[in-house]
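Working notes, beginning with the structure itself.
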Amino acid sequence: MLIEIIKYIISVIIGFIIDISFFYILTNFLEIHYLISSIISITTGFFINYSININWVFKKRKYEKNPYIEFKIMILISIFVAIINIIFLFLLIELLEIYYIYSKIYASLFTFILKYLLRKKILYSIN
């Protein structure tokens, strides 16, 4: 279990670096609104993270024989967590006026544990 958590943290860090990099480039250089940038960057990070999760992090997968269902469930979990992330991002930037990069980091940390628990419970835990 500890090895799995460490691998998951590494996969999240990789996904987060991709997410925050895309977010920064899209928002700062391409001048795309931060909410649109966030959606694009979260989606990009999702695909990288999903690939790492199924190939390296989680050895036992409930839907290994049906990757289509597994992918659909992963997308639903990610959409749910992304919505929470974006709402949190909006609140931090618009209401608390926190710099958008710091807000992105806080929002991502906030959803990190939720995402792990949902993925582990729904997709990767064999009871």
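The values are calculated or read from the model by the stated rules, or taken from the named source; none is laboratory data. Remember, predicted model here, so these are calculated numbers, not experimental data. Don't worry about glycine lacking a Cβ; one is built from the backbone with ideal geometry, like all the others, and counts go over all protein chains shown. What goes into the accessible areas is simple: the full protein's heavy atoms, side chains included, and nothing from ligands, DNA or RNA. Shrake-Rupley method; radii C 1.70, N 1.55, O 1.52, S 1.80 Å.
Below are the figures for this structure:
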read-out	value
Any pair with Cβ under 6 angstrom, 6 or more apart, that starts in region 1-20 at a residue that is open to solvent by 70 Å² or more (accessible area, probe 1.4 Å) and ends at one that is of a type in the set (D, E, K, R)	none
Check on Leu123, farther than 15 Å from Gly45 by Cα, open to solvent by less than 70 Å² (accessible area, probe 1.4 Å), modelled with pLDDT of 85 or more and not basic (Lys, Arg)	no
Close pairs from region 58-87: first over 30 Å from Ile36 (Cα atoms) and at pLDDT below 90, partner open to solvent by less than 90 Å² (accessible area, probe 1.4 Å) and among the small types (Gly, Ala, Ser), Cβ under 9 Å, at least 6 apart	Phe58/Ser125; Lys60/Ser125; Lys62/Ser125
Selection from region 56-69 of residues that are open to solvent by 40 Å² or more (accessible area, probe 1.4 Å) and within 17 Å of the chain's Cα centre (by Cα)	Trp56
Complete set of residues in region 44-55 that are touching a residue at least 12 places away in the same chain (Cβ under 8 Å) and open to solvent by 30 Å² or more (accessible area, probe 1.4 Å)	Thr44, Ile48, Ile52, Ile54
Filter result (open to solvent by 80 Å² or more (accessible area, probe 1.4 Å), of a type in the set (Phe, Trp, Tyr) and over 30 Å from Tyr124 (Cβ atoms)) within region 22-43	Tyr24, Phe29
Subset of region 88-115 [within 22 Å of Phe22 (Cα to Cα) and touching a residue at least 24 places away in the same chain (Cβ under 8 Å)]	Leu89, Phe90, Ile93, Tyr100, Ile101, Lys104, Ile105, Ser108, Phe110, Thr111, Phe112, Lys115
